[in-house]
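The structure appears below as structure tokens.
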Amino acid sequence: MTVSNIILRALKKIVEVLEKEDIDYCLFGGLAMQVYKRIRATKDIDLIVSFALENPFELINRIERAGFNFDKKKGVIKINGFKLLRFIYNDEDTGFEIFIDLVITKGEFQKQILNRKTKTDFLGIKVNIASLEDLILLKFLANRPIDIVDASVLLEENKKGIDKIYLKTWAKRLDIEDKLKELLKGNARYKIY
């Protein structure tokens, strides 16, 4: 059993839970990038979720009943203005742990990401995936060196399929326009600015 197989098993299970509970979601992060020709190692699953429950602990209880463990040490994690719930999937066969981060939608941008998601067959699993543009914008918001490299590769590998107006508009609204311009400066193939 490879790590990739374990991640796919965890993804399938969490997607089943979210869909059964009628929770709107989409995959982003390292796994989602594979749909857009960027493959790199990851051992977590990142999902944006929207739910009508007033108390996130109702959602936590539902997911725990499905066999995932809420990371009580971390609680509700706040990163760059996002709130996320971290769950741990313990693979029964190997004991390997996979982190599953559920980012709770709050702002207009997160809601827009969910509106633009597409249902995709991802390695045999039907899953909602963030759009290419939203994935690039999320990478700029995260702003770690690996995220900037990811954004650069996503732009390079998908330059013909990018909605340039959407990318430019949201980069400005999210106050990351300068980061995007800096990456694109010196690369004449990107005619966004």
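The values are calculated or read from the model by the stated rules, or taken from the named source; none is laboratory data. Computed from a prediction, not measured in an experiment: that's the story for all the values here. Heads up, the Cβs are rebuilt from the backbone with ideal geometry, glycines too, and the neighbour counts pull from every protein chain shown. Ligands, DNA and RNA are stripped out before the accessible areas are found, and what is left, the full protein with its side chains, is counted by its heavy atoms. Shrake-Rupley method; radii C 1.70, N 1.55, O 1.52, S 1.80 Å.
Report whether or not Lys111 is open to solvent by 70 Å² or more (accessible area, probe 1.4 Å) and in contact (Cβ under 8 Å) with a residue 12 or more places away in the chain. When the stated conditions are applied, Lys111 passes them.
One residue is enough: does region 10-17 have a residue meeting the conditions open to solvent by less than 40 Å² (accessible area, probe 1.4 Å) and without any contact (Cβ under 8 Å) to a residue 40 or more places away in the chain? Within region 10-17 (the criterion being open to solvent by less than 40 Å² (accessible area, probe 1.4 Å) and without any contact (Cβ under 8 Å) to a residue 40 or more places away in the chain), the answer is no, since none of the residues qualifies. Pairs meeting the criteria (first residue in region 65-93 and under 23 Å from Leu138 (Cα atoms), second residue at pLDDT below 80 and in a loop (DSSP other than H, G, I, E, B), beta carbons under 6 Å, at least 6 apart or on different chains) are Arg86/Lys74. For region 27-39, the count of residues that are in contact with a Gly (Cβ under 6 Å, 6 or more places away or on another chain) and in a strand (DSSP E or B) is zero.
Based on this model, can you work out whether Tyr89 counts as within 13 Å of the chain's Cα centre (by Cα), open to solvent by less than 60 Å² (accessible area, probe 1.4 Å) and not acidic (Asp, Glu)?
When the stated conditions are applied, Tyr89 does not pass them.
With respect to Ile125, is the statement that it is closer than 20 Å to Val15 by Cα and crowded, with 20+ Cβ neighbours inside 10 Å true? No. Look at (1) surrounded by 15 or more Cβ atoms within 10 Å (Cβ to Cβ); (2) farther than 21 Å from Lys12 by Cα and you find that Leu102 fails only one, number (2). Of the helices (runs of 4 or more DSSP H) entirely within region 50-158, those holding at least 1 residues that are among the acidic types (Asp, Glu) and at pLDDT 95 or above occupy 132-142.
Determine whether Asp46 is in contact (Cβ under 8 Å) with a residue 12 or more places away in the chain, assigned to a loop (DSSP other than H, G, I, E, B) and acidic (Asp, Glu).
Answer is no for this residue.
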